[in-house]
Structures are given as C-alpha cells and as structure tokens.
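Asker: Before I ask anything, here is the structure I am working with.
The values are calculated or read from the model by the stated rules, or taken from the named source; none is laboratory data. Predicted model only: the values in this text are computed from it and were never measured. Because the Cβ atoms are built from the backbone with ideal geometry, glycine has one as well, and the counts that use them run over all protein chains shown.
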Amino acid sequence: MEATPVYRVFGVGGVGCRIADAVVERTGGRLAGVAADTDFAALDALAYCRRLAFGRKRFGGLGSAGDVSAARMSAEEERASFSRELEGTSVAVAVAGLGGGTGAGALPVLLKAAEERGVPVLVVVLSPFAMQGADRVRAASTALRSLGDLGTARVLLSCDDLVAGAPGASLQEALDRATEVVVAALSLLWKMSELRGYVNLGPADVVQILRAGRGAVDFGRAVASGPRRFSEATDALWNQPGLGLASKASGAKAALLCVLGGPDLRLQEVGDAVTAVSAMLPFGTPVRLSTVVDPAAAGRLELVVLLFRRWAEPGAEDGGGAAASAASARFADTAATIEDGEDLDQPTFIRRRLHVESD
Ligand SMILES: Nc1nc2c(ncn2[C@@H]2O[C@H](COP(=O)(O)OP(=O)(O)OP(=O)(O)O)[C@@H](O)[C@H]2O)c(=O)[nH]1
Ligand SMILES: [Mg+2]
C-alpha cells in the first residue's frame, strides 16, 4: 500500500507563522502546520499550527528585534527540533518575511535540515514594503543572499507588488492584503493536490515540478467573478499592477497553471485559460495544468501561475516540452485516453505544440 503523502507548511518568524496558521485554517485544519518563532506571545496567538518556540535563553521569548545573526545562532542550537518537525514530510512549504530577525535568521536552518532529510521545499519569502525603510530592505536582500541555493524552488514576493492595486490603503490594510494574497495562493496549492478537478496533479507531480524548476519562481494570481470572469481574470493575470505577468513572462522556461472554480467551472474555461496563459509565454513553453473544483468557490474563477525561470526536466530542453510535461496531468478518476501514442485528454494545441494567438 502506498503511504499517504504528508504536506506541511512551516511558518518562520512573525509574519511567516501568521501566514502558515491562516493557510491551515483555510484548509479546515487538514494541512499540517508548524510555526517557529522566538516571540512566544506571537506563537500563543496562533490557533492551528504546532509551535516550535526557540531562542528562550537569548531572547527571553520576546522576539529577536531584528537580530538576524542571533536568531540564526539560536535556530542552529535547536536544529534538532527543526529537523524533528520535518520527519515524515513528503513536501514542505516554508514561509517567512525577510525584513525582521527570526524569519530571516531561522529559515536557512530549516532549509538545511530539509535538505539533509531530502524533503523538497517550496520557499515563499516576502520582501519588505519600501516604506518600511532602507535598513529593512537592505537586511532583506542580505537575508535573501544568505539563502544561497537552499530550498527546492523559491518564490520571492515583494509586499509592494502584493498591494500595488491599492495605493490608498492604510499600513494595516496593506499588510492584511499582502498576507491574504499569499494565504490564498498557498491554500490553493494545497487544494490542487487534495481536491478533485478535471485535471489533477498528484503529490509526485508537484515534487517533480518543484525539482525540475529548481531556483527562482515568479508568481501571478488573478481572481474574477460574474459573467465576464474569464476575460477579467486573464486580463488581470497579464496586466494588473504588481502581480501581472507582463514583465515576467519573457524569461519563463516552464509554467504551472492552477485553475480554481466552483462546481460551475466549465471545461471550456479551463482549456481557454491554458490557451491564454500559453499565449503569454515564449513560444513552446511547457504549461502544466491543474484544476480545482471547490464548492466554496461557486461563481468565481481564480488563476494562479508559477513561472519557472529554470527548467531541467528531461524532454523540456527540446523546446517543445508542452506535450511531454502536460501528459502527466490526468483527468480525475479516469484512465488516460491514449491513441497512437497521443494523450487525447490533452487539448490538441498542447499535443501538437501549436502556438495560439490571443486577440
Ligand atoms: N504581508 C505582511 N508582511 C508583514 C507583516 N508583518 C511583517 N511583515 C513583513 O515581514 C517582515 C518580517 O517581519 P516579522 O515576520 O514580524 O519579523 P520576525 O521574523 O518575527 O523577526 P523579529 O520579530 O525581528 O524576530 C517585515 O519586515 C515585513 O516586511 C504582515 O502582517 N503582513
Ligand atoms: Mg517577530
């Protein structure tokens, strides 16, 4: 019997832990979460994650007050606890804000422990708002550099980009809004593997995609509802300030597209979404697809795209990896329809590697 894969989300530092807790809440508590912080009051405020309180001797449970290297040393000293929390994890997501001390200092320790255990990790890091000051921004880029190539795939989100659509927001609104985008995207990645859609990616596919796309990943997300939801969502995916893909698409080597809708999601919309996203990317870029049908999302269409700037999957180097890579997706509960070596469950334009112009 195959073991059930275990996904875990790890939050490190204040904002990382709040995001991890909110993601677990969004999954109805079914996704396992671990929150690691030197601020014990912040950990106490969480409702869903297991807590890993560390650095008591150095910080007295009050947080590191921006001291990255002291936080890193404390995490190193308790490396065994980080490693223990990874036990039995098939795929991990690690989230941290890089402008403080704990997240920036402890994240590399968690990632090293994951590497030792062979656990693939999607790392999601937030860079500070520019208005938080040059010091924090500088500290964040130093922290980013210190990650080296730890982590399987890495998404760097700029808080400024996450709230680019709401210039008049207050600081609290901006923080909440930025956090919400990350929570929504991460819970969607989880739903992708857990909820059935038309085309499912299993955990093994997710691991393989992360490994093949090792390195930096760009992220796009758009949500729309109502009769014009398809065109609004695809337009936003391309053009919206901050999270639009227009400025990021040219360097893409491969993409993962996740389409989420309610029971009213139409197969046609899914196919059109693949067409629209493929048309945004350099010709021949393989696009892996996953759909999620969530009863709670009735009337809504949500598109999340991860763009990989490096892609090392065998078969992708021929520039026409779309057919090969998309072929591992499958319709839920249905054997693939293979005829003459072609998977007829894949849209023709993907199988034939046609480039579709959008109007
Ligand atoms: N989106 C979002 N970002 C936040 C929020 N709070 C903090 N950040 C960002 O995350 C960075 C790190 O903040 P924290 O997570 O609070 O810091 P920490 O890792 O706990 O570090 P110390 O408290 O210094 O030990 C900040 O510089 C901000 O850029 C929030 O509520 N939402
Ligand atoms: Mg803190």
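Asker: Identify the residue in the stretch 17-44 that is of a type in the set (Val, Ile, Thr) and closer than 22 Å to Arg79 by Cβ and, among all such residues, is farthest from ligand 2 (Cβ to nearest atom). Lay out the reasoning, then the answer.
Answerer: Initial filter on the stretch 17-44 (of a type in the set (Val, Ile, Thr)): 19, 23-24, 27, 34, 38.
Now drop any that are not closer than 22 Å to Arg79 by Cβ, which leaves 34, 38.
Details: Val34: 16, Thr38: 7 Å.
The qualifying residue farthest from ligand 2 (Cβ to nearest atom) is Val34.
Asker: Cβ-Cβ below 9 Å, separation at least six or inter-chain, first residue in the stretch 16-43 and more than 24 Å from Ala104 (Cβ to Cβ) and among the acidic types (Asp, Glu), second within 16 Å of ligand 1 (Cβ to nearest atom) and assigned to a helix (DSSP H, G or I): which pairs?
Answerer: Between residues of the stretch 16-43 that are more than 24 Å from Ala104 (Cβ to Cβ) and among the acidic types (Asp, Glu) and residues that are within 16 Å of ligand 1 (Cβ to nearest atom) and assigned to a helix (DSSP H, G or I), the close pairs are Glu25/Val183; Glu25/Ser187.
Asker: Out of Ala65, Ala106, which single residue is within 21 Å of the chain's Cα centre (by Cα), in contact (Cβ under 8 Å) with a residue 24 or more places away in the chain and within 16 Å of ligand 2 (Cβ to nearest atom)?
Answerer: Working: Ala65 fails: within 21 Å of the chain's Cα centre (by Cα).
Answer to the selection: Ala106.
Asker: Could you tell me which of the residues Gly33, Gly28 is in contact with a strand residue (DSSP E or B) (Cβ under 9 Å, 6 or more places away or on another chain) and either more than 15 Å from ligand 1 (Cβ to nearest atom) or of a type in the set (Asp, Glu) (or both)?
Answerer: None of the other options fit; the residue is Gly33.
Asker: Pick from Arg26, Arg18, Arg56: which is surrounded by fewer than 22 Cβ atoms within 10 Å (Cβ to Cβ), in the same structural domain as Leu162 (by TED's automatic domain parsing) and under 27 Å from Ala185 (Cβ atoms)? Walk me through how you get there before you give the answer.
Answerer: Details: Arg18 fails: surrounded by fewer than 22 Cβ atoms within 10 Å (Cβ to Cβ); Arg56 fails: under 27 Å from Ala185 (Cβ atoms).
Matching residue, one of Arg26, Arg18, Arg56: Arg26.
Asker: May I pose another question? Could you list all residues from the stretch 61-84 that are crowded, with 20+ Cβ neighbours inside 10 Å and either part of a helix (DSSP H, G or I) or outside the structural domain of Val34 (by TED's automatic domain parsing) (or both)? Outline the logic, then answer.
Answerer: Going through the stretch 61-84, the residues crowded, with 20+ Cβ neighbours inside 10 Å turn out to be 63-64, 67-68, 71-72, 74-75, 82.
Across the stretch 61-84, the qualifying residues are Val68, Ala71, Arg72, Ser74, Ala75, Phe82.
Asker: With respect to Ala224, determine if the residue is in a strand (DSSP E or B) and more than 28 Å from Gly11 (Cβ to Cβ). Let's see the steps before the verdict.
Answerer: Values: in a strand (DSSP E or B): yes; more than 28 Å from Gly11 (Cβ to Cβ): yes.
Against the criterion (in a strand (DSSP E or B) and more than 28 Å from Gly11 (Cβ to Cβ)), Ala224 qualifies.
Asker: In the stretch 45-60, what residues are under 15 Å from Val12 (Cα atoms) and either part of a loop (DSSP other than H, G, I, E, B) or away from ligand 2 (no atom under 13 Å from the Cβ) (or both)? First the steps, then the outcome.
Answerer: Residues of the stretch 45-60 under 15 Å from Val12 (Cα atoms): 45-46, 48-55.
Within the stretch 45-60, Ala45, Leu46, Tyr48, Cys49, Arg50, Arg51, Leu52, Phe54, Gly55 qualify.
Asker: Show the residue pairs meeting these rules: Cβ distance below 7 Å; 6+ apart or different chains; first residue within the stretch 176-203 and among the small types (Gly, Ala, Ser); second residue part of a loop (DSSP other than H, G, I, E, B).
Answerer: Between residues of the stretch 176-203 that are among the small types (Gly, Ala, Ser) and residues that are part of a loop (DSSP other than H, G, I, E, B), the close pairs are Ala178/Val163; Ser187/Thr27; Ser193/Leu201; Ser193/Gly202; Gly197/Ala332.
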